[in-house]
Amino acid sequence: MAHRAAEAIRGKTAKGKQVPPKAIVRLGRRTKRRLWWTLVVVAAGIAGFFFYQGVSSRPGTYVPTLGNAHIGSEIEFHQAYNSNPPTSGPHLPSIAPWGIHTAPISKELQVHNLEDGGVIVQYNCPTGCPELVGQLKVVVGRYETRVVLAPTRGWTVGSPLPPGPGSTRSTSSTRSESFGSSRPTGA
C-alpha cells in the first residue's frame, strides 16, 4: 500500500501509467477569463492612481528639497534654507510638540516635524491679532497630531511668498502656502 502511494506521488501507478500530479490544477476557461480581467482591472487601477498623483494639483507652492541632514544644535552652521519658513533641509534630531504654541519655533526644529509628515501653520502678528489666532486655533485644534500652530519671528525679504502683518503660512515637506489676513479655510 505504501509502495502504491509513493508511486502515485512520483506520477506513476503500479501498472506504470503516467498520472498528472495532484499539485497541478486545471482551470476552466471561465475561471481563466475572470482571473485575466481581474488582473487587468487591478493593473488599470494602480496605473490610474499614479497618473492622478502626477497630474493632480497640490496645494501651495513647490519648494525644491534641501535633503534631511541632522544637525546637533540650532546654532550649528548649516546650509541656508531656500524658503522662509523652511520646507526641508538641515534639522534637529527631535521634533516640536504637536499642537498649539504661543512662542515661535526654531526653523531647525520645524523641519523635523515636516519630515515626519507634519504641517506647520504660522501667523505673523507683531501687534497682535486675537481674532485670527482664535480662528487658527479652532482649525488646528481638530487634529491631535501632525499639526503645529505657532507665531513666527516674521517673514524675510526675498521669501517666495508675500510677507505682511496678519498673514499666515502653512508648510509641509517641500510645499508652502500663504494666506492673507482673511479668515482661514475650514474655520
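A short reminder: the numbers here are calculations on the coordinates, not readings from a lab. Here the structure is a predicted model, which means the values were calculated and not measured. Every residue, glycine as well, gets a Cβ built from its backbone with ideal geometry; the counts of neighbours run over all protein chains shown.
Would you tally the residues in segment 54-72 being without any contact (Cβ under 8 Å) to a residue 24 or more places away in the chain, assigned to a loop (DSSP other than H, G, I, E, B) and on the phi < 0 side of the Ramachandran plot? Matching residues across segment 54-72 total 4. Within segment 47-66, being exposed (fewer than 10 other Cβ atoms within 10 Å of the Cβ) and either over 18 Å from the mean Cα position of the chain (by Cα) or not hydrophobic (A, V, I, L, M, F, W, C) (or both) holds for 52, 53, 54, 56, 57, 64.
Regarding segment 117-126, can at least one residue be identified that is part of a helix (DSSP H, G or I) and either within 29 Å of residue 180 (Cβ to Cβ) or of a type outside the set (A, V, I, L, M, F, W, C) (or both)? Looking through segment 117-126, none of the residues is part of a helix (DSSP H, G or I) and either within 29 Å of residue 180 (Cβ to Cβ) or of a type outside the set (A, V, I, L, M, F, W, C) (or both). Give the residue that is farthest from residue 126 (Cα to Cα), with candidates limited to residues of segment 77-113 that are under 18 Å from the mean Cα position of the chain (by Cα) and of a type in the set (Val, Ile, Thr). Per the criteria, the residue is 95.
One residue is enough: does segment 102-113 have a residue meeting the conditions among the hydroxyl-bearing types (Ser, Thr, Tyr), surrounded by 12 or more Cβ atoms within 10 Å (Cβ to Cβ), touching a residue at least 40 places away in the same chain (Cβ under 8 Å) and over 14 Å from residue 174 (Cα atoms)? There is no residue in segment 102-113 that is among the hydroxyl-bearing types (Ser, Thr, Tyr), surrounded by 12 or more Cβ atoms within 10 Å (Cβ to Cβ), touching a residue at least 40 places away in the same chain (Cβ under 8 Å) and over 14 Å from residue 174 (Cα atoms).
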